[in-house]
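Report on the structure given below.
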Amino acid sequence: MEFVRKLPIPKEIREMYPLSEASREKKKIFDAEVARVFSGESDKKILIIGPCSADNEESVMDYCHRLAKVRETVKDKLIIIPRIYTNKPRTTGDGYKGMLHQPDPEKGSDMLAGIIAIRHLHLRVIEETGMFTADEMLYPENYQYLYDLLSYVAIGAHSVENQQHRLVSSGIEIPVGMKNPTGGDISVMLNSVMAAQHAHTFLYRG
């Protein structure tokens, strides 16, 4: 291992790029509405929709502005959460790993710039479209950089069997979606859901 640099703690990044007070209040209302769907109190459906890889800010913004218009026409039946997945698991470990590692795909790795780029992207979607977002929790330690912005967290097929993902999911206050693993075994996904529904004691960022 080679030490590159110490990154700012999540609280410092959140303070550098804060969510507006108005959006914080709207998020409380939105998250409560989402919770009512999952608890069965609302008969609306949740639709988490968007590209599997959000790697270009302007393309994501164009998509979300279009999606916001659609949301207005279906809001009596659907709650739309834009899927902005900013990290990419690689089956062989090789290739582009997403915005966290390379905020500019044409340049080398810069994880500080990546953390800032991801938070900036989610903030733009919220402030410009009024929609609250979903991201995949590929790295559980990094959830704190975004926790005040997200309304849904996804655990992907590469991560759903991982103990740390399951434990951290148990402590997250918004809905966490579990995918079936790359092998397709539904029982693995169900075991992950069950594990995350329990209370746990675990290490997290010290």
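With a simple spin-label model that places each label point 7 Å from the Cα along the Cα-to-Cβ direction, the separation between ASN162 and HIS101 comes to 1.2 nm. A Förster radius of 25 Å combined with the Cβ-Cβ distance from SER170 to ARG205 puts the calculated FRET efficiency at roughly 0.95.
The calculated pair-distance distribution of the chain uses every alpha carbon pair, bins of 10 angstrom beginning at 0, and gives 8, 32, 39, 18, 2, 0 percent. Highest mean packing first, where packing is the average number of other Cβ atoms within 10 Å per residue, the peptides 133-140, 26-33 line up as 133-140, 26-33.
Only the coordinates and a few stated rules stand behind these numbers; no lab work does. The shown structure was predicted, so the numbers you read here are calculated from the model rather than taken from an experiment. Note: ideal-geometry Cβ built from the backbone for every residue, glycine included; neighbour counts use all protein chains shown.
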